[in-house]
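Engineer: Would you mind keeping the following structure in view while I ask a few things?
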Amino acid sequence: MKGQLNEILFDVALIFVSMTLIGFFDNQNLISWQNYLFGMLFILILSFIASALFSRKKEKNMTHIWLSRLFVVLFAIFIAFDIEILKENAKICKSPDYINESLNLYLDIVNLFSGLGSSE
């Protein structure tokens, strides 16, 4: 149990450090990725459902682990996407919808941690 917690904390630290470095040194606009991110999320959800319905027990476990890892990567990108939306709204002095945007960011973080917890 303690080893698993250490691995999860290491994974979280690695994700946040890499996302911080990407945020500082990358000038790419992630807002154009919106349709691709939602498409990937839809495909990943369908993959989870198909894995639960059609995989054998041993295959199901490995498939679930790899799908959970993809889920973590996807929601790390979603966090960067939501932060990019906040930055764009601040740049153009558009009054952001703080409740909606903070809720999106919060749910991305919750999904990131739930993916980390189920990937082990």
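Rule-based calculations on the coordinates, nothing more; no lab input. All values derive from a computational prediction rather than experimental measurement. Because the Cβ atoms are built from the backbone with ideal geometry, glycine has one as well, and the counts that use them run over all protein chains shown.
Engineer: Calculate, for F54 and S18, the FRET efficiency according to 1/(1 + (r/R0)^6) with r their C-beta to C-beta distance and R0 25 Å; round to the nearest 0.05.
Structural biologist: Once rounded, the FRET efficiency stands at 0.15.
Engineer: May I ask you to evaluate 6.51 cos²θ - 1.76 cosθ + 1.60, the Karplus curve with θ = phi - 60°, for each residue of the range 64-77 and list the ³J(HN,Hα) values in order in whole Hz, giving x for glycine and proline?
Structural biologist: 5, 4, 5, 5, 5, 5, 5, 4, 5, 4, 4, 6, 5, 5
Engineer: Per residue of the range 103-108, in order, report the coupling 6.51 cos²θ - 1.76 cosθ + 1.60 (Karplus, θ = phi - 60°) as ³J(HN,Hα) in whole Hz, putting x for Gly and Pro.
Structural biologist: In residue order, the calculated couplings are 5, 4, 5, 4, 5, 4 Hz.
Engineer: Once the other residues with Cβ under 14 Å from the Cβ of L37 are scored (Lys, Arg +1; Asp, Glu -1), what is the net sum?
Structural biologist: -3
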